[in-house]
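Below is one structure, written out as structure tokens; the observations come after it.
The values are calculated or read from the model by the stated rules, or taken from the named source; none is laboratory data. These figures come from a predicted structure and were not determined experimentally. We place every Cβ from the backbone using ideal geometry, glycine too, and count neighbours over all the protein chains shown. These area figures cover heavy atoms from the full protein model, side chains too; ligands, DNA and RNA do not enter into them. Shrake-Rupley method; radii C 1.70, N 1.55, O 1.52, S 1.80 Å.
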Amino acid sequence: MKQIDDFRAEVADLSAVLAPLSPAGWETVTQFKGYTINDVVRHLHQGDQLALTSAERPDKFGEVLERRRQQRKEGLTPRDDARREYGHLAGPALLEVWRDTAERLCTTLSALGPDARLKWAGPDMGVRMFTTARQMEVWAHGQEIHDILGLDRAPTERLENIAVIGVRTFGWTFVNRGLPVPSDGPPHVRLTSPSGAAWQWHVGSTAGHVTGTALDFCQTVTQVRNVADTGLQVAGDSAERWMAIAQCFAGAPNDPPAKGTRRKVINAQGRP
């Protein structure tokens, strides 16, 4: 399945960035909610473990999810939750466990039928979209690591998967916040892929448009950039309202970062 191959590739790319880090580098604080690089990878590992529960023990998934939701109500943040569960892992040991778990998840998902559906924090998802959601998490959280290390990251055609989940969560963005979905529907989305191809959705929509690079769109819907810090062209009420709060990941509503707060750091500390 292409989505599984893309997930594997995303893990491999981020692993290559992480492998040379010094112990001090792993403790570098990113621009994402005070997470260190160790925290980011613990968070990814915890998400993959939850995904394995959904795929391997769906009867237990609801119990695990409800426990985490209760922890959130009690004030335990996702970062501190992952620290409590996996704080004994850091640096190379954490990297090895995360990669092994991600590979186990890929193997498990590969064994499922193409029509299988899996439970998650938001609506149930088919196996392809479920896998894309894991790829999206690795790609999105990988951005704060690239940013704080001052590293460029060349976009790849794998962004198409993330763009798809971004487009498909137009309605979810509003429903998740208890807001009415715009009655005129989603806008026309036209993106330029890294190879120069045009990716389009909702052609002919009268609800405005979102145009620009696939990279800028994916950065916006995953909330690694404020839309104002991208080159996206957004026109129409529905499109503007969507891009202001776009959220393609499951869980409680999150606000995008403030303008100018998420960017590549120059002369960053914490390099290998």
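Selection of the stretch 68-105 for residues being outside any helix (DSSP H, G or I), crowded, with 16+ Cβ neighbours inside 10 Å and under 19 Å from the mean Cα position of the chain (by Cα) yields an empty set. Entry remark, the stretch 16-61: residues being touching a Lys or Arg at 6+ places or on another chain (Cβ under 6 Å) and at pLDDT 95 or above number 3 in total. Would you confirm whether any residue within the stretch 28-35 is more than 21 Å from residue 251 (Cβ to Cβ) and touching a residue at least 40 places away in the same chain (Cβ under 8 Å)? Among the residues of the stretch 28-35, at least one is more than 21 Å from residue 251 (Cβ to Cβ) and touching a residue at least 40 places away in the same chain (Cβ under 8 Å), which makes the answer yes. Residue 251 satisfies every condition listed in (1) closer than 29 Å to residue 50 by Cβ; (2) free of Cβ contacts under 8 Å to residues at least 12 places away in the same chain except (2). The residue that is most open to solvent (accessible area, probe 1.4 Å), among those in the stretch 1-34 that are acidic (Asp, Glu) and under 20 Å from residue 93 (Cα atoms), is 27. Of the residues in the stretch 150-171, at least one is among the basic types (Lys, Arg) and either under 30 Å from residue 238 (Cβ atoms) or over 18 Å from the mean Cα position of the chain (by Cα) (or both).
Looking only at the stretch 174-193, decide whether some residue is over 18 Å from residue 47 (Cβ atoms) and of a type in the set (Phe, Trp, Tyr). Yes; the residues of the stretch 174-193 include at least one that is over 18 Å from residue 47 (Cβ atoms) and of a type in the set (Phe, Trp, Tyr). Checking the stated criteria, residue 108 turns out to be hydroxyl-bearing (Ser, Thr, Tyr), surrounded by fewer than 18 Cβ atoms within 10 Å (Cβ to Cβ) and closer than 18 Å to residue 8 by Cβ.
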